[in-house]
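Structure first, then comments.
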Amino acid sequence: MTNQTLPVLPLRDIVVFPQMIVPLFVGREKSVRALEEVMADDKQILLSSQIDPSIDDPTTEGIYRVGVLANVLQLLKLPDGTVKVLVEGKVRVRISEFVENPSFFEARAQRLSENPGDQASVDALVRAVADEFERYAKIRKNIPEEALGAVSETREPPRLADLVAGHLGVDVAQKQTLLETLDVAERLEKVYGHMQGEMSVLQVEKKIKSRVKTQMEKTQ
C-alpha cells in the first residue's frame with residue numbers, strides 16, 4: 001500500500017497490534033460512520049490510538065500517527081445504537097496526513113517495514129520471551145488460554161513480540177511505543193523488560209496481601 005486513503009477509527013484505552021483479533025464497542029457517531037463506509041467498501045480500516053483516552057471528541061492532533069491496517073471481520077449493530085465490531089490487525093502503518101472529511105476521520109497512510117535486528121539476540125530473546133510469558137500468565141491470571149497457546153506455538157519473532165505486547169498490563173503510551181518499535185530485537189527486549197517489571201510489582205503486591213492477611217488473623 002503506497003499512500004492509500006482509508007477511514008480511521010480512533011481507539012481509546014487499547015492499542016491493536018498486527019495479528020491481533022479484538023472485539024471493539026463503538027459508540028461515537030464519527031466512528032460508526034467510518035465503519036459503515038468500510039463495510040460498504042473493502043472492509044479495511046485504519047486503527048490508531050488516542051493520545052489522551054479521556055477525550056470524547058478527539059481532533060486529528062490527538063491521534064497517534066502510527067497505527068495498524070485492519071480487516072473488519074464482523075459487525076453487529078446493538079439496540080442502543082452502538083456497534084460491536086471484530087477486527088483483525090494486519091500491518092503497521094504510518095499516517096502521512098489526514099484528509100478533510102466532515103463525516104469521519106480519513107487519512108493517507110503508508111505501510112511500515114520492520115527490520116529484524118541482530119539475529120543472535122533475536123534467537124535468544126524468542127526463547128526467553130516465550131518462557132517468561134508462561135510465568136507471567138500464571139501471575140496475571142487473566143490471560144486467555146488461546147493466547148498462551150498462540151505464544152507457545154509462535155516461532156516468528158515479530159509475531160511473538162506483538163502477541164505478547166497485546167497482553168501486557170501496561171498503559172496505552174507504553175504499548176504505543178512497542179507498536180512504533182520497528183526493530184524486532186529491540187521490541188522483544190522491551191516486551192521482556194515490561195513482563196519482568198510487572199511481575200516484580202505483582203509479587204510485591206502478593207507479599208503485602210499475605211502479610212496483611214496474617215496480621216488480620218493475629219488480631220482476630
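Just so it is clear, none of the values below were taken in a lab; they were calculated from the coordinates. What you are looking at is a predicted structure, and each value in this text was computed from that prediction instead of being measured. Positions of Cβ are generated from backbone atoms using ideal geometry, with glycine treated the same way; all protein chains shown enter the neighbour counts.
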Based on the alpha-carbon set only, what is the convex hull volume of the chain divided per residue, in Å³? 154
Measure out, as a whole number of angstrom, how far apart the alpha-carbon centroids of region 164-220 and region 23-37 sit. 32
Ignoring everything except DSSP H segments at least 4 long, calculate the 222 nm mean residue ellipticity for the chain; use -39,500 (n - 2.57) per segment, divide by total residues, nearest 500. -15000 deg cm²/dmol
Sort region 61-108 into rounded, prolate or oblate with this rule: let a ≥ b ≥ c be the square roots of the eigenvalues of the Cα gyration tensor; rounded if a/c is under 1.5, and if a/c is not under 1.5, prolate when a/b is larger than b/c, oblate otherwise. oblate
Taking the Cβ of residue 54 as the centre, find all other residues whose Cβ is under 13 Å away and add up their charges (Lys, Arg: +1; Asp, Glu: -1). -4
When a/c is below 1.5 the answer is rounded, else prolate if a/b is larger than b/c, else oblate, so apply that to region 71-144 with a ≥ b ≥ c taken from the square roots of the Cα gyration tensor eigenvalues. oblate
By the DSSP-based rule, helices of the chain that are at least 20 Å long along the axis (C-alpha) and have a mean Kyte score of at least -0.5 are 119-140
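Assuming a viscosity of 0.890 mPa s and a temperature of 25 °C, what translational diffusion coefficient in µm² per second does Stokes-Einstein assign to region 1-129, Rh being the Kirkwood radius over Cα pairs? Walk me through the intermediate numbers first.
Working: Rh = 15.4 Å.
For the chosen part, D equals 159 µm²/s.
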For region 155-198, what does the alpha-carbon gyration tensor say about shape, rounded, prolate or oblate, given a ≥ b ≥ c as the root eigenvalues, a/c under 1.5 as rounded, and a/b over b/c as prolate? prolate
When the chain is modelled as a GNM with alpha-carbon springs shorter than 10 Å, which of 61, 186, 37 fluctuates the most? 61
Would you work out the charge dipole size for region 94-179 about its Cα centre, treating the Cβ of every Lys and Arg as +1 and the Cβ of every Asp and Glu as -1, and quote it to the nearest 20 debye? 180
Residue-count net charge about residue 104 - beta-carbon cut-off 14 Å; Lys, Arg +1, Asp, Glu -1: -4
Quick one: what Rg and Dmax do you get for region 123-220 from the alpha carbons, in Å? 15.9, 56
